[in-house]
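To keep things clear, I will list the structure first and then write my remarks on it.
Coordinate-derived values only; no laboratory data. All values derive from a computational prediction rather than experimental measurement. Every residue, glycine as well, gets a Cβ built from its backbone with ideal geometry; the counts of neighbours run over all protein chains shown.
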Amino acid sequence: MKMSKLCTLLALLLAAQPTTAARAVDTVTSTDAPDLTSVRTKIKAKDFKAALAELTPMLATHQHADVYNLMGFSLRKIGDYGRAYTFYRKALDFDPAHKGALEYLGELYVETGQIEKARENVVLLKKLCPSGCEELEDLEQAIATSPKSNAAIRVD
């Protein structure tokens, strides 16, 4: 009986929450991205450890898809696929239409030999970018050039 009351209470609490963004129970969600210019500069210079050092403290103050996405990207680039996956999923929990996170998660799938999952992200990006976009093109290129892919003989 207690479980039923708890479920009802939880359902009422969830129904009362705004539906515009996912929210963690214990922290406030940031709707504005922090300035990530410095992080992007470090990433462009392939200094992923420095990017992670700058991003990590932001996690305590900014729950934002861009922060999570860049954490995932930097972690993937240093070979930490498990944690990278976690941060890409967090980015997509906050913004299911985050094209960058869909692309980068797809690239993680390619790098780990999960080509079919990468192709699922291509499908999602095609829905978001019916006229095409850089994220879609980059993911399609990653799949096509992967030695783990049979993209050259695939028939759609």
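When a/c reaches 1.5 or more, the comparison of a/b and b/c decides; with that in mind, is segment 31-95 rounded, prolate or oblate per its Cα gyration tensor?
It is oblate, given that a/c is not under 1.5 and a/b is not larger than b/c.
Hey, quick one: spin label on residue 134, modelled 7 Å out along Cα-Cβ, who in segment 98-125 has an amide N within reach, i.e. under 19 Å?
Answer for this model: 98-108, 122, 125.
Stretched out fully, how many nm does the piece from residue 53 to residue 145 gain, at 0.36 nm a residue minus the Cα gap?
Answer, rounded to one decimal: 30.0 nm.
Can you give me the C-alpha center-to-center distance between segment 86-154 and segment 44-85, rounded to a whole angstrom?
18
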